[in-house]
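To start, the structure under review is shown below, and the notes come after it.
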Amino acid sequence: MKILKKLFIMLLIVKFLFILTGCKKDRYSIVLSEVTHSVFYAPQYVALAKGYFEEEGLKITLINSNGADKVMSALLSKKADIGLMGPEASIYVYNQGRKNYVINFIQLTQRDGSFLVGREKIENFTFDMLKGKSILGGRKGGVPVMTLQYVLRQKGLDAVLDDPTKEVNIRTDVQYGVLAGAFVSGEGDFVTLFEPGATNLEKEGKGYVLASIGAESGNIPYTAYSATKSYIEKNPDIIQKFTNAIYKGQKWVQEHSAREIAELIHPYFKETPIKDLTIVMQRYKDIDAWCPTPFFAKEGLERLMDIMEQAGELTKRAPFEKIVDNSFANKAMQN
């Protein structure tokens, strides 16, 4: 009897270890590289805060790569599994002729998230007030600068980069991370800032939001999740689980107030008071910044490539069917 009892206990231990090992295998670790740590990506932080990734069996390690070029480098070097960045980066890489190019499978934002900020409060601002002025716009070749130029030209203004002799001079000599500081120190007549930078300047009385660039530009695929072709082919289940989690976050954002979103994601942005974060969330809600679903529309990509072409940054268009895969989004929305 003692031998049978010991054997029974050993079998129970083996079974427990098998179950434990199985659980570990069902939990996939994902390195997610984001272009910047920003409140603009609220649905992602909602998904993290609500445990939607854990529900799908995913463990997310989030890294801030500070730039689309660095996110792309992380994907191509396999230092990251999934990247969050502007899809213009995937266009550039595909046009380089790489076999293992990068494919977008979720669209997260559908508007430019930057705001035009001036030194004074202007009640009835119109874009023709920018004539003869300079705007700090960020990095040359970046979507914020290209979209700003696109909007100004749509308004009938001759906006060019780094040429003070033209009607509107968009300066690209100031790095994105120090735009607000440079503006406060006296550089430029206007500046384009993402939140909470714009709200912070208003709070300090050093700048005032005059217009939303996203509201003027119309829908474009501003940021999307992507992975290399080989990673997607080898890990379709992981990509689907990730898409499911982000879609849950997108739905939650659509169904809740700016205050509720601010309170939920505040732990990821502790430096911003909830009151200010609520203002920011409402501004993004007002311009319909976030995609309600993960589906990536072809019309948006075509508009993005139009913007890139008019900025002189694109000479060859990438085929939508190659750099976008909506199959995971479609399946997520069916569940």
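For segment 150-165, the set of residues classified as closer than 14 Å to Asp128 by Cα and either in contact (Cβ under 8 Å) with a residue 40 or more places away in the chain or surrounded by fewer than 16 Cβ atoms within 10 Å (Cβ to Cβ) (or both) consists of Val151, Arg153, Gln154, Lys155, Gly156, Asp158, listed by residue number. Residue pairs whose Cβ atoms lie under 7 Å apart, separated by 6 or more positions or on different chains, with the first residue in segment 97-112 and closer than 23 Å to Phe242 by Cβ and the second in a strand (DSSP E or B) and among the polar types (S, T, N, Q), are Asn100/Thr228; Val102/Ser226; Val102/Thr228; Ile103/Ser226; Asn104/Ser226; Phe105/Ser226; Leu108/Thr223; Thr109/Thr223. The combined condition, being at pLDDT below 95 and of a type in the set (A, V, I, L, M, F, W, C), is not fulfilled by Ala182. When segment 144-193 is filtered for residues that are at negative phi and of a type in the set (Asp, Glu), the ones remaining, listed by number, are Asp158, Asp163, Glu167, Asp173, Glu187, Asp189.
Among the residues of segment 209-218, those that are buried (at least 18 other Cβ atoms within 10 Å of the Cβ) and of a type outside the set (Val, Ile, Thr) comprise Leu210, Ala211, Ser212, Gly214, Glu216, Ser217. Is there a residue being surrounded by fewer than 19 Cβ atoms within 10 Å (Cβ to Cβ), closer than 30 Å to Ser134 by Cα and without any contact (Cβ under 8 Å) to a residue 24 or more places away in the chain anywhere in segment 185-201? Among the residues of segment 185-201, at least one is surrounded by fewer than 19 Cβ atoms within 10 Å (Cβ to Cβ), closer than 30 Å to Ser134 by Cα and without any contact (Cβ under 8 Å) to a residue 24 or more places away in the chain, which makes the answer yes.
Candidates Met333, Met281, Met305: the one that is more than 24 Å from His37 (Cβ to Cβ), aliphatic (A, V, I, L, M) and either buried (at least 21 other Cβ atoms within 10 Å of the Cβ) or touching a Ser or Thr at 6+ places or on another chain (Cβ under 7 Å) (or both) is Met333. Does Ile239 fit the bill of being closer than 26 Å to Leu62 by Cα, assigned by TED's automatic domain parsing to the domain that holds Ser65, buried (at least 22 other Cβ atoms within 10 Å of the Cβ) and touching an Asp or Glu at 6+ places or on another chain (Cβ under 9 Å)? So Ile239 fits the description; yes.
Output yes when any residue across segment 288-305 is among the basic types (Lys, Arg), under 18 Å from the mean Cα position of the chain (by Cα) and closer than 30 Å to Arg119 by Cβ, and no when none is. So far as segment 288-305 goes, no, none of its residues is among the basic types (Lys, Arg), under 18 Å from the mean Cα position of the chain (by Cα) and closer than 30 Å to Arg119 by Cβ. Filtering segment 118-160 to residues that are in a loop (DSSP other than H, G, I, E, B) and either among the hydroxyl-bearing types (Ser, Thr, Tyr) or closer than 20 Å to Val174 by Cα (or both) leaves Arg119, Thr126, Gly132, Gly137, Gly138, Arg139, Lys140, Gly141, Gly142. When Glu54 is tested against the conditions (1) on the phi > 0 side of the Ramachandran plot; (2) in the same structural domain as Val39 (by TED's automatic domain parsing), the lone failure is (1).
Of the residues Ala297, Ala262, which single one is buried (at least 16 other Cβ atoms within 10 Å of the Cβ), in the same structural domain as Tyr94 (by TED's automatic domain parsing) and in contact (Cβ under 8 Å) with a residue 24 or more places away in the chain? When all the criteria are applied, what remains is Ala297. Set side by side, the residues Gly207, Gly197, Gly186, Gly156 differ, and just one is within 26 Å of Ile246 (Cα to Cα) and not assigned by TED's automatic domain parsing to the domain that holds Asn104, which is Gly197.
How many of the residues making up segment 265-278 are under 19 Å from Leu108 (Cβ atoms) and crowded, with 20+ Cβ neighbours inside 10 Å?
The total comes to 2.
Looking only at segment 243-254, decide whether some residue is over 20 Å from Glu202 (Cβ atoms), without any contact (Cβ under 8 Å) to a residue 24 or more places away in the chain and surrounded by 16 or more Cβ atoms within 10 Å (Cβ to Cβ). Scanning segment 243-254, I find no residue that is over 20 Å from Glu202 (Cβ atoms), without any contact (Cβ under 8 Å) to a residue 24 or more places away in the chain and surrounded by 16 or more Cβ atoms within 10 Å (Cβ to Cβ), so the answer is no.
The values are calculated or read from the model by the stated rules, or taken from the named source; none is laboratory data. Because the structure is predicted, anything quoted here is derived from the model rather than measured. All Cβ positions, even for glycine, are placed from backbone atoms using ideal geometry, and neighbour counts span all protein chains on display.
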